[in-house]
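A short worksheet on the structure shown next.
The values are calculated or read from the model by the stated rules, or taken from the named source; none is laboratory data. Keep in mind that what you see is a predicted model, and the values were worked out from it rather than measured. With ideal geometry, Cβ positions are generated from the backbone for all residues, glycine too; neighbour counts draw on all protein chains shown.
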Amino acid sequence: MSAHEAVTLPMLLTELRLPTVKRLWPALAEQSNREGWPAERFLTALLEHELNERETRRIDRHRVESMLPPDKRLSCFEFAAVPTVSKAHVTALIEGDSWLEQGANLLLFGPPGVGKTHLLAAMGHSLIERGYRVLYTRTSDLVQRLQAARRDLRLQAELAKLDRFDLLIADDFSYVRRDQAETSVLFELIAERYERKSIALAANQPFSGWDHVFAEAAMTLAAVDRLVHHATIFELNVESFRRRSALPGLAPAGQNDKPKTNINPKG
């Protein structure tokens, strides 16, 4: 290689935004020359490395923007302690994309400490690895974010930002109180995403206990109706993990409960 080429090639690779090729080409070129590779093999090897690292960077970037708890993965979720949730069912939801393409929802109900957050976060991480964009947030934080946007007359712009995410995970849904914020913005979010973009939520109370979330009963009914229309619903009716850790002799509750779909929206 001439001195001119030695200077020009790195500049070209920088301009073309091929950092992996720029880093690896000298070693691969040396190996190619030594082993007599055809030009096609050399070029293919370089581009495969570039694509693989680009995919890794994309996943890392989307994982950071998701705000998911980093340590809550599917590999460490205790399915044996939650017999109401089928590992096969969860795996099918992760590997199948039809529900996300249809804007279907995922709803988890159960008392505190039974693994709702862990399961939703684990599914979120797995979906990111499959190319989807996910955002995790506590529902109270989400309401504050949307309410601030409404005050600044940019609610539609904020909803459009959230629309970039294939799955919006709203944790601790039933902790929201209508006297803490104007929760009608939450209804607007649900209506905006209906049958287009998916929502996953975790709640400690059934639908019948949501009268404190929305401003009026009609709004509650309309929100529930949209959430359950296309939904997979899991009821994690087991003993709290935290309580079982404190009292190791306790056995899991709810052995005979099954995952449900499209239950009565009136709770």
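Per this entry, His118 is not counted among residues that are at pLDDT 95 or above, farther than 16 Å from Ala202 by Cα, assigned to a helix (DSSP H, G or I) and not small (Gly, Ala, Ser). Of all residues in the stretch 162-220, exactly one satisfies the criterion of being in contact (Cβ under 8 Å) with a residue 60 or more places away in the chain, among the acidic types (Asp, Glu) and either loosely packed, with under 15 Cβ neighbours inside 10 Å or not assigned by TED's automatic domain parsing to the domain that holds Leu135 (or both), namely Glu195. From (1) touching a helix residue (DSSP H, G or I) at 6+ places or on another chain (Cβ under 8 Å); (2) farther than 27 Å from Leu189 by Cα, pick out the condition that doesn't hold for Arg57. Checking Arg57 against (1) touching a helix residue (DSSP H, G or I) at 6+ places or on another chain (Cβ under 8 Å); (2) farther than 27 Å from Leu189 by Cα, the one that fails is (1).
Phe234 satisfies every condition listed in (1) at pLDDT below 95; (2) touching a Pro at 6+ places or on another chain (Cβ under 7 Å); (3) buried (at least 19 other Cβ atoms within 10 Å of the Cβ) except (1).
Looking at the stretch 188-211, can you tell me whether even one residue there is more than 27 Å from Thr91 (Cβ to Cβ), out of contact with any Gly (no Cβ under 9 Å at 6 or more places or on another chain), modelled with pLDDT under 95 and of a type in the set (A, V, I, L, M, F, W, C)? Checked against the condition, which is being more than 27 Å from Thr91 (Cβ to Cβ), out of contact with any Gly (no Cβ under 9 Å at 6 or more places or on another chain), modelled with pLDDT under 95 and of a type in the set (A, V, I, L, M, F, W, C), the stretch 188-211 yields no hits at all.
Report yes if Leu74 is among the hydrophobic types (A, V, I, L, M, F, W, C) and more than 30 Å from Ala122 (Cβ to Cβ), otherwise no. Here the answer is no, as Leu74 does not meet what is asked. Just one of the listed residues (Val143, Val134) is touching a helix residue (DSSP H, G or I) at 6+ places or on another chain (Cβ under 9 Å) and modelled with pLDDT under 95, and it is Val143.
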